[in-house]
Amino acid sequence: MHKALFKKIAFVLLATPALWLGWQMYHWFSFLPHELTANPQKFITQYTGLWAIRILIVTLCLSPLSWAGWRSALSYRRMAGLYAAFYAMLHLLNYFILDYGLDMAVITKDILKRPAISIGAIAAVIMMILSITSTQAMMWRLGRLWRRLHRMIYGLAILVPVHGFLMVKGDRMELSLYGMILAGLLLMRLWRFCAGRYRLMGNRP
Ligand code: HEM
């Protein structure tokens, strides 16, 4: 009962930044006062990119929380991961439609020419693969491959902050902090993996 309620609350909380953005965009398109600054396209790219990385951090925090004793933490993993992908998709849509008016020739050239954008594109493809294969049915169908495939999230934890860091021109303070948190989350996993191996070797006859 509580779990279902908490899940609904988490769902609404994670949707709130998108709802706020939708509301502001409605004002922008209706020529009403809005909070998207004088350069709404740039604001939206930054806003959606930042929410994608924040929710990616939340997703990667769930396993350590489950090791620490919050057993149901893992049941939020899929929802959080899909929300991170959702914000990344809004980020891409903004770039594809509002920035470049779906001019695929220019977009392809930009992706191939600028390494920072290429890194973002690789991250976007990984996010898409993880989202499509996140269902229970895919989990059954792919078996052991599913686990291996979903380890690509660790690649995301490296690619996304590098992409953001290279793209931002001004203050990189917030992104540096996110990069450090993601590095810490990866190190925790590495430490746990090594500790598990060490224990296994110690128990061998
Ligand atoms: C084809 C794929 C991608 C493209 C073309 C792209 C494009 C951009 C652009 C143009 C910016 C610069 C915004 C600005 O300061 O004006 C940016 C920043 C950023 N992007 Fe991407 N991006 C892509 C993929 C991704 C993905 C998959 C994520 C996250 C999951 C992401 C997260 C970020 C972050 C965190 C920033 C920095 C935001 C800030 O602090 O200003 N991007 N991206």
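Could you tell me which of the residues Ile57, Ile53, Ile44 is touching a residue at least 24 places away in the same chain (Cβ under 8 Å), surrounded by fewer than 22 Cβ atoms within 10 Å (Cβ to Cβ) and within 16 Å of the ligand (Cβ to nearest atom)?
Criteria check complete, one pass: Ile57.
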Go through (1) farther than 30 Å from Leu36 by Cβ; (2) at pLDDT 95 or above; (3) of a type in the set (D, E, K, R); (4) surrounded by fewer than 11 Cβ atoms within 10 Å (Cβ to Cβ) for Arg77 and report which single condition fails.
(4)
Condition first: in contact with a Phe, Trp or Tyr (Cβ under 8 Å, 6 or more places away or on another chain) and touching a residue at least 24 places away in the same chain (Cβ under 8 Å). Now tell me which residues in segment 156-176 satisfy that.
Pro161, Gly164, Leu175
Select from segment 118-133 the residues that are within 15 Å of the ligand (Cβ to nearest atom) and of a type in the set (S, T, N, Q) and list them in ascending order.
Ser118, Ser131
Kindly indicate whether Ile153 is in contact with a helix residue (DSSP H, G or I) (Cβ under 7 Å, 6 or more places away or on another chain), touching a residue at least 60 places away in the same chain (Cβ under 8 Å) and either over 19 Å from Arg54 (Cα atoms) or in a helix (DSSP H, G or I) (or both).
yes
Under 26 Å from Arg172 (Cα atoms), away from the ligand (no atom under 16 Å from the Cβ) and of a type outside the set (Ser, Thr, Tyr), is that true of Ala15?
yes
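The values are calculated or read from the model by the stated rules, or taken from the named source; none is laboratory data. In this text the structure is predicted, and so the values were computed from the model without any measurement. Quick reminder, even Gly has a Cβ in these numbers, built from the backbone with ideal geometry, and neighbours come from all protein chains shown.
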